[in-house]
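Worksheet for the structure shown next.
The values are calculated or read from the model by the stated rules, or taken from the named source; none is laboratory data. All values derive from a computational prediction rather than experimental measurement. For neighbour counting, all protein chains shown are included, and Cβ atoms are generated from backbone atoms with ideal geometry for every residue, glycine included.
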Amino acid sequence: MAVARPAFIDEVRQSEQFNASACMNCGVCTAICPMGLEHLPREIFRYVVLGMEDEVLKEQETVFSCLLCKLCEENCPAGVHIAENVRSLRHYFDRKAFRI
Amino acid sequence: MPLPTGDTIGILADNLRLRRSVLPIPTESAIRWTRGLDLPRGGERVLYTGLMYQLIPYIEELVKAESRLAESWLSGFTGIGRQVNKLVNVSGFMAHPTREQLETYDRIPRNVALLLKRAGVAFGALYEDDLYSGALAYDLGADETLREHAQKVYATLKRHGVKEAVTIDPHTTNMLRSVYPTLIEDYDLEVRNYLEVLSGLDLAPSRQLEGDVAIHDSCVFARYEGVLHEPRQLLEGLGLTLREPLHAGTMTWCCGGPVESLFPEKAAEQAGRRVTELNAVAERGVTMCPLCYVNLQKAANGRMRFDDISDYLIRGYEP
């Protein structure tokens, strides 16, 4: 059973730039990703918004496979700061999982 | 099987914190490009390399060594490797580039310095104080380490009296121009890329070049820094016919380089896809970033030839 922890989003959020909740799940990012990442960004962003920390922690490889190339962000109709949001997730992994 | 992500990031971050670069290189390799150029030390305007081109031969060799390590029984001991690396520069023992590799990547900052001189731009260099910008630590989310490093870089620039940094590659441009101001209070360094400097000078080429060239826009230039028309203006000014691949300009496709340090196989696959796109429009390609250059060149494997944009510019604008 998935466990939701509402404070999780505040632990991931590093700055005002973090806006995962602006994602409207349209799928442009998934369709356009040169790496063919299926879960990132929109599915993982949804986990963050819902506070599903365990689900996010399972996606370590996906989070670090993003090129941060911003092709998705350039075409995002909702203005989601995708690259900065992914960087925030990486920072979260660095602290929480890797103890850096 | 790639090396453990946490240990790899840990080693890179430790290196930046302890040795001022994610991959420390000998001082001689950092400054060799300045030989014979007679550049003043410091000054209000400097050509700032951020070591990006000088690092590439070492990164190439380190990736090879990592790949061998990942396939060996030692791959289970990277955590210990990280602890040892805090005391001794382990990555320094793992990377031994050839003279040819070093010369290739020294040539590019030299090209840029010669182009700026030819254009009448006055500038100095920081030699051993020309520090890596921390771009990889930023990408990997090692923010505390980066914040501390950015302060060191800025303090060094200030100590040398620098008011304007002319950068070469897109990553250093982005860090110094767009990222550092978010990390450092009262940051007031002016930052321009050399392509922006040259394109604003209305230079007359000394000779015309011919042929078709596929242009590969760097993601960071195209979508982070808005550097799009400058390289086109400079290359077309030389008479070259620029061929745009399917994904070009603000829609450009990445070379795969940003994931090279953690997932070299994924990086190579993306580079291969990009080479196919570029090769569909021309047999020669032009890049503007050392990571793009090395990744695409490697993936092309003789299918097509890549040159850094400065190699074309130096041929067209040098007397």
Members of the stretch B:296-316 found to be surrounded by 22 or more Cβ atoms within 10 Å (Cβ to Cβ) and of a type in the set (Phe, Trp, Tyr), listed by number: B:Phe306
Hits in the stretch A:70-100 (condition: at the interface with chain B (Cβ under 10 Å from one of its Cβ atoms), buried (at least 19 other Cβ atoms within 10 Å of the Cβ) and outside any helix (DSSP H, G or I)): A:Lys70, A:Phe98, A:Ile100
The lone exception for B:Ala248 - which of (1) among the aliphatic types (A, V, I, L, M); (2) surrounded by 14 or more Cβ atoms within 10 Å (Cβ to Cβ); (3) modelled with pLDDT under 95 it fails: (3)
Among residues of the stretch B:115-142, those that are on the phi > 0 side of the Ramachandran plot and either touching a Pro at 6+ places or on another chain (Cβ under 6 Å) or away from chain A (no Cβ under 14 Å) (or both), counted: 2
Neighbours by Cβ (under 6 Å, 6+ apart or cross-chain): first from the stretch A:54-69, within 12 Å of chain B (Cβ to nearest Cβ) and on the phi > 0 side of the Ramachandran plot; second part of a helix (DSSP H, G or I) and buried (at least 21 other Cβ atoms within 10 Å of the Cβ): A:Leu68/A:Ala83; A:Leu68/B:Asp139; A:Leu68/B:Pro258
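Got at least one residue in the stretch B:219-226 being part of a loop (DSSP other than H, G, I, E, B) and among the charged types (D, E, K, R)? Reasoning before the result, please.
In the first step, residues of the stretch B:219-226 are kept if they are part of a loop (DSSP other than H, G, I, E, B); the result is B:226.
Now narrow it down to the ones that are among the charged types (D, E, K, R): none.
No, there is no match, as no residue in the stretch B:219-226 is part of a loop (DSSP other than H, G, I, E, B) and among the charged types (D, E, K, R).
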Odd one out for A:Glu16, checked against (1) away from every other protein chain (no Cβ under 14 Å); (2) out of contact with any helix residue (DSSP H, G or I) (no Cβ under 9 Å at 6 or more places or on another chain): (1)
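Which count do you get for residues in the stretch B:272-290 that are within 11 Å of another protein chain (Cβ to nearest Cβ) and crowded, with 24+ Cβ neighbours inside 10 Å?
Initially, the stretch B:272-290 is screened for residues within 11 Å of another protein chain (Cβ to nearest Cβ), giving B:273-274, B:277.
From what is left, the residues that are crowded, with 24+ Cβ neighbours inside 10 Å are B:274.
The qualifying residues number 1.
Which members of the stretch B:151-174 meet the condition of being part of a helix (DSSP H, G or I) and within 27 Å of B:Ile309 (Cβ to Cβ)? Give the steps one after another, and end with the answer.
Of the residues in the stretch B:151-174, the ones part of a helix (DSSP H, G or I) are B:151-159, B:170-174.
Correct list: B:Val153, B:Leu157, B:Pro170, B:His171, B:Thr172, B:Thr173, B:Asn174.
Please give the helices (runs of 4 or more DSSP H) falling wholly within the stretch A:1-52 in which 1 or more residues are without any contact (Cβ under 8 Å) to a residue 12 or more places away in the chain and more than 11 Å from the chain's Cα centre (by Cα). Walk me through how you get there before you give the answer.
On the way: elements: A:8-12, A:28-32, A:42-50.
Output list reads A:8-12, A:28-32.
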Among the candidates B:Tyr180, B:Tyr224, B:Tyr187, residue that is at pLDDT 95 or above and surrounded by fewer than 18 Cβ atoms within 10 Å (Cβ to Cβ): B:Tyr187
Members of the stretch A:18-43 that are over 12 Å from A:Cys66 (Cα atoms) and out of contact with any Gly (no Cβ under 9 Å at 6 or more places or on another chain): A:Phe18, A:Ala20, A:Ser21, A:Cys23, A:Met24, A:Asn25, A:Cys26, A:Gly27, A:Val28, A:Ala31, A:Ile32, A:Glu43
Sole exception among (1) within 13 Å of chain B (Cβ to nearest Cβ); (2) within 26 Å of B:Val275 (Cα to Cα) for A:Pro41, by number: (1)
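Being over 14 Å from the mean Cα position of the chain (by Cα), surrounded by fewer than 16 Cβ atoms within 10 Å (Cβ to Cβ) and more than 20 Å from B:Pro24 (Cβ to Cβ) is true for just one of B:Ala155, B:Ala122, B:Ala113, B:Ala165. Which residue is that?
After ruling out the rest, the residue left standing is B:Ala122.
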Residue in the stretch B:1-57 that is farthest from the other protein chains (Cβ to nearest Cβ), counting only those that are charged (D, E, K, R) and under 22 Å from B:Val162 (Cα atoms): B:Asp38
Sole exception among (1) surrounded by 20 or more Cβ atoms within 10 Å (Cβ to Cβ); (2) over 29 Å from B:Ala137 (Cα atoms); (3) in contact with a Phe, Trp or Tyr (Cβ under 7 Å, 6 or more places away or on another chain) for B:Tyr293, by number: (2)
Single residue of B:Arg192, B:Arg177, B:Arg232 found to be away from chain A (no Cβ under 11 Å), part of a strand (DSSP E or B) and in contact with a strand residue (DSSP E or B) (Cβ under 9 Å, 6 or more places away or on another chain): B:Arg192
Residues located in the stretch B:251-269, provided they are more than 10 Å from chain A (Cβ to nearest Cβ) and modelled with pLDDT of 95 or more: B:Ala268
